[in-house]
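**Student:** Here it is, the structure, as structure tokens.
Rule-based calculations on the coordinates, nothing more; no lab input. Source: prediction; values computed, not measured. Cβ coordinates were reconstructed from backbone atoms using ideal geometry, including for glycine residues, and neighbour counts include every protein chain displayed.
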Amino acid sequence: MEKELSQLTDHELLEKKKEIKSNNILNAVLLGVMVGISIYSTITGGFGFLTVLPLFFVGSIVSRWNKNKKQLEEELNSRNLK
């Protein structure tokens, strides 16, 4: 189980920041694929389940992405780290 951000050392917190930056590219690719699937599904078969499902995952990914990023930035700011 991963430690809470408040329990990480300064060095570990800065490493976590680097890890999140590298994950941003992967997240952007996943979002693009999900939106692409939804658009393709809508064009070929109209609006349906395969259109809504990827959009649900996009919302979930974006929500988690923003939450994690915000928590990390708050912890970095509280420790005066950049």
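**Student:** Using the charge dipole of segment 28-82 (Lys, Arg: +1 at Cβ; Asp, Glu: -1 at Cβ; taken about the Cα centre), state which of Leu31, Gln71, Phe57 has its Cα farthest towards the positive end.
**Tutor:** The Cα lying farthest towards the positive end belongs to Gln71.
**Student:** Here's another thing I want to ask about it. Would you calculate the separation in nanometres between label points at Glu15 and Leu31, each defined as 7 Å from the Cα along the Cα-to-beta-carbon direction?
**Tutor:** Result: 2.8 nm between the two label points.
**Student:** Under the Kirkwood approximation applied to all pairs of distinct alpha-carbon atoms, what is the hydrodynamic radius of the chain in Å?
**Tutor:** Numbers: mean 1/r = 0.0685 Å⁻¹.
With all distinct Cα pairs of the chain included, I get 14.6 Å.
**Student:** For segment 15-79, what is the number of Lys pairs with C-alpha distance below 13 angstrom, counting only pairs 8 or more positions apart or on separate chains? Display every interim value, and only then the final one.
**Tutor:** Working: Lys16/Lys69; Lys16/Lys70; Lys17/Lys69; Lys17/Lys70; Lys18/Lys69; Lys21/Lys69; Lys21/Lys70.
Lysine pairs meeting the criterion: 7.
**Student:** Per-residue ellipticity at 222 nm for the chain, helices alone: DSSP H runs ≥ 4 residues times -39500 (n - 2.57), over residue total, nearest 500 deg cm²/dmol? Please list the in-between numbers first.
**Tutor:** Working: 2 runs with 66 residues, N = 82.
Here the helix-only value at 222 nm equals -29500 deg cm²/dmol.
**Student:** To continue, here is another question. What is the magnitude of the charge dipole of the chain about its Cα centre, with +1 placed on the Cβ of each Lys and Arg, -1 on the Cβ of each Asp and Glu, and no other charges, expressed in debye to the nearest 20?
**Tutor:** On the way: 11 positive and 9 negative charges, 35 e Å.
Here the chain has a charge dipole of around 160 debye.
**Student:** Next up: Modelling each spin label as a point 7 Å along the Cα-to-Cβ direction, I'd like the Asn77/Phe49 distance in nm, to one decimal.
**Tutor:** My value for the distance between the label points is 4.4 nm.
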